[in-house]
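Chemist: A single structure is presented below for examination.
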Amino acid sequence: MHNNDSNSGRAQDNIRIVVLISGGGSNLQAIIDNCQSGVIECQSGFIKSQTGFIENQPGIIESQSETVGTQSSHNVTRVSASIELVISNRPGVYGLERSKQAGIDSLCIDHKQYPSREDFDAALITAIKSTKPDLVVLSGFMRILTPEFVNNFHGRLLNIHPSLLPKYPGLHTHQRAIEAGDSEAGVTVHFVTAELDGGPAIIQARVPVLKNDDADALAARVLEQEHKIYPTAISWFAEGRLSLTNGKAMLDNEILPPQGFDYQG
Ligand code: GAR
């Protein structure tokens, strides 16, 4: 269906982002904070060197306009990113308040007002497309999407999921990790495909599961990492370094490993 190159992977002057939420929006806040002044910033970007990935300095995201040899020899251009619209499927959530405080357009499309999943997704598609987005970011958006929705934004639709995918797709990820006796848990950012939480992974961060952890304690530890890796993945996309090509997540023209880039924050 979608075997060829996606629209992503190309640096543009400004990347227009739509963010979909269902709740408190702490990941939205991390993205807002990293898009301030219209220039996406990242706590820890990565530059690819001949010997592998090396950590970039904190600061404004700069994209490489030529193949990178060493850190000192690459050309850089700034890429700006703007959140054009935030959409919640639930009324009254704090994420909508965060958008308002940041001066970002927001709206609620309440899924309960639609007779079917298809009707709700059609309304969502129309609202998103009106902003002509380059990237659609699911940020704690707790809805299963129709294939129609996913196909509309193929290659420019990202999700964050609080587990080390492919482990624990779906709900209650932290409780399931604890009950399984896992020694580590984490979070994955991935491209969205029709398979629930099953699209190609882009980046993962790991945290230890501690002896007395309950689901809330573990969730809080994972969330700290979420706030780092989502802006990182978005900055890669904005720089034109990240794409979904022939069904594979690619960074700097190389296929990422099945579990994505291993983030060491
Ligand atoms: C985050 O932990 C995110 O990973 C999770 O919902 C939370 C939203 O928090 N997403 C999923 O479970 C999607 N399957 P936030 O509203 O504070 O960003």
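Rundown of residues vs (1) under 18 Å from the mean Cα position of the chain (by Cα); (2) within 13 Å of the ligand (Cβ to nearest atom); (3) charged (D, E, K, R), yes/no style:
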| site | (1), (2), (3) |
| --- | --- |
| 147 | no, no, no |
| 155 | yes, no, no |
| 201 | yes, no, no |
| 219 | yes, yes, no |
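Chemist: In addition: Among the residues of the stretch 176-196, write down those that are of a type outside the set (Ser, Thr, Tyr) and surrounded by 21 or more Cβ atoms within 10 Å (Cβ to Cβ).
Modeler: 177, 185, 186, 187, 189, 190, 191, 192
Chemist: Go through 257, 162 for me and flag whichever is crowded, with 18+ Cβ neighbours inside 10 Å and more than 21 Å from residue 17 (Cα to Cα).
Modeler: 162
Chemist: From the residues in the stretch 107-138 that are basic (Lys, Arg) and either in contact (Cβ under 8 Å) with a residue 12 or more places away in the chain or part of a loop (DSSP other than H, G, I, E, B) (or both), which one is nearest to residue 80 (Cα to Cα)?
Modeler: 132
Chemist: Got at least one residue in the stretch 111-128 being over 21 Å from residue 242 (Cβ atoms) and touching a Pro at 6+ places or on another chain (Cβ under 8 Å)?
Modeler: Among the residues of the stretch 111-128, not one is over 21 Å from residue 242 (Cβ atoms) and touching a Pro at 6+ places or on another chain (Cβ under 8 Å), which makes the answer no.
Chemist: If you scan the stretch 165-194, which residues turn out to be more than 12 Å from the ligand (Cβ to nearest atom) and part of a loop (DSSP other than H, G, I, E, B)?
Modeler: Once the filter is applied, which keeps residues that are more than 12 Å from the ligand (Cβ to nearest atom) and part of a loop (DSSP other than H, G, I, E, B), the stretch 165-194 yields 166, 167, 180, 181, 182, 183, 193, 194.
Computed from the coordinates by the stated procedures, all read-outs in this text should not be read as laboratory data. The shown structure was predicted, so the numbers you read here are calculated from the model rather than taken from an experiment. We place every Cβ from the backbone using ideal geometry, glycine too, and count neighbours over all the protein chains shown.
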